[in-house]
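Note sheet for the following structure.
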Amino acid sequence: MTMTEPSSASPQYVCVASVLPVRRWRHVMAFVRLSMKVREQMQASPGLVSGNIRADFLRKRFYTYTVWRDKASMLALMRTEPHATAMRRFAQASLPAHCS
């Protein structure tokens with residue numbers, strides 16, 4: 001197999017994946033409610049290529065991924081409601097998140 005450099009015409013996407021561990025059971029349902037609102041916001045966001053959230057309720061963990069056409073689109077979602085509130089609330093109710 002030969003590896004080639006992407007051409008300038010190749011699309012360059014921004015991909016984000018995260019593992020979001022919730023600290024206490026009492027925070028799980030609040031996180032689920034906020035996640036549904038953020039998911040609706042995400043699906044209506046210009047620049048979204050793909051994205052989803054999965055829950056592992058037994059471990060109180062949520063897994064997310066998004067693929068964006070560009071960084072500006074991703075940042076626009078992060079800075080607007082309800083995502084901005086979700087990030088603040090989740091920071092208070094969670095263990096450290098893992099993102100890439």
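Quick note: the coordinates plus some simple rules give every number you see, no bench work behind them. Given the structure is predicted, the values throughout are model-derived calculations rather than measurements. Positions of Cβ are backbone-derived with ideal geometry, glycine not excepted, and every protein chain shown enters the neighbour counts.
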Query - Residue list for segment 43-65, filter: closer than 19 Å to H27 by Cα and either free of Cβ contacts under 8 Å to residues at least 12 places away in the same chain or loosely packed, with under 11 Cβ neighbours inside 10 Å (or both) - result: R54, D56, L58, R59
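Give the residue that is surrounded by the most Cβ atoms within 10 Å (Cβ to Cβ), with candidates limited to residues of segment 32-42 that are within 13 Å of H83 (Cβ to Cβ) and touching a residue at least 12 places away in the same chain (Cβ under 8 Å). Let's see the steps before the verdict.
Residues of segment 32-42 that are within 13 Å of H83 (Cβ to Cβ), as a first pass: 34-42.
Among the residues that remain, those that are also touching a residue at least 12 places away in the same chain (Cβ under 8 Å) are: 34-35, 37-39, 41-42.
On the way: L34: 18, S35: 19, K37: 14, V38: 22, R39: 15, Q41: 16, M42: 18.
By that ranking, first place goes to V38.
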Query raised in the report: So which residues in segment 28-54 are in contact with a helix residue (DSSP H, G or I) (Cβ under 7 Å, 6 or more places away or on another chain) and assigned to a strand (DSSP E or B)?
Result: L48, G51, I53
Query raised in the report: Within segment 66-83, how many residues turn out to be closer than 12 Å to G51 by Cα and either buried (at least 17 other Cβ atoms within 10 Å of the Cβ) or among the hydroxyl-bearing types (S, T, Y) (or both)?
Result: 3
